[in-house]
Amino acid sequence: MSDSSPARPVVIDVWCELQCPDCRTALDDVRALRARYGDRVELRLRHFPLEKHKHSFAAAQAAEEAMEQGEGWPYVEAVLGKVEELDRAGEPYLVEVARELGLDAEEFDTALVDGRHILIVDADQAEGKAIGVTGTPTYVVDGERLDGGKSQEGLRERVEEITDRLLGDS
């Protein structure tokens with residue numbers, strides 16, 4: 001195996017919760033990272049539903065269904081864009097957003113009922129707890145945890161600093 005193969009993208013795990021207003025703010029950072037690095041980074045949505053938000057577990061499952069239907073991030077952005085609506089309307093709103101994005105809304109409804117994505121969400125949450133995630137958004141880049149749940153001040157700069165180093169851009 002030679003070293004001439006293209007470098008693997010830097011993986012940035014974004015621990016997120018779809019009923020969290022701070023995660024909505026973090027979307028700007030996610031967009032900026034995507035614009036700056038393109039396919040040199042892989043932004044991975046990781047779920048960390050918080051108990052204080054009663055619809056966040058269902059929202060995480062819905063996001064997984066959106067990933068399966070090929071529209072994960074657009075779905076996440078749409079739901080986070082109207083956090084208050086999710087607070088108010090709950091699960092029917094999750095299906096409504098799928099319909100608005102042209103996804104298979106019936107499949108969303110079924111997925112929320114049959115719980116087919118629960119294991120993924122549970123596994124993410126357990127892993128998050130194990131590595132010390134306490135709030136959202138939290139980024140993990142190259143094993144380094146950056147907690148945006150307390151403050152997002154300077155967070156994107158830190159993520160970019162680590163990513164540049166890993167990509168050899170610095």
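The values are calculated or read from the model by the stated rules, or taken from the named source; none is laboratory data. What you are looking at is a predicted structure, and each value in this text was computed from that prediction instead of being measured. Reconstructed Cβ throughout: ideal geometry from the backbone, glycine too, with neighbour counts over all protein chains shown. These accessible areas exclude ligands, DNA and RNA; they are computed on the full protein's heavy atoms, side chains included. Shrake-Rupley method; radii C 1.70, N 1.55, O 1.52, S 1.80 Å.
So the values come out like this:
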item: Odd one out for Val133, checked against (1) closer than 24 Å to Glu51 by Cβ; (2) at pLDDT 95 or above; result: (2)
item: Residue within segment 136-151 that is in contact (Cβ under 8 Å) with a residue 60 or more places away in the chain, in a loop (DSSP other than H, G, I, E, B), open to solvent by less than 40 Å² (accessible area, probe 1.4 Å) and in contact with a Cys (Cβ under 8 Å, 6 or more places away or on another chain) present; result: yes
item: Flag for Asp124 being buried (at least 18 other Cβ atoms within 10 Å of the Cβ), among the acidic types (Asp, Glu) and in a helix (DSSP H, G or I); result: yes
item: Scope segment 90-107; condition assigned to a helix (DSSP H, G or I) and either at pLDDT 95 or above or out of contact with any helix residue (DSSP H, G or I) (no Cβ under 8 Å at 6 or more places or on another chain) (or both); matching residues; result: Pro92, Tyr93, Leu94, Val95, Glu96, Val97, Ala98, Arg99, Glu100, Ala105, Glu106, Glu107
item: Residues satisfying the stated conditions in segment 66-90, i.e. more than 16 Å from the chain's Cα centre (by Cα) and closer than 17 Å to Lys52 by Cβ; result: Glu84, Leu86, Asp87, Arg88, Gly90
item: Total residues in segment 53-89, condition within 18 Å of His117 (Cα to Cα), outside any loop (DSSP other than H, G, I, E, B) and open to solvent by less than 60 Å² (accessible area, probe 1.4 Å); result: 15
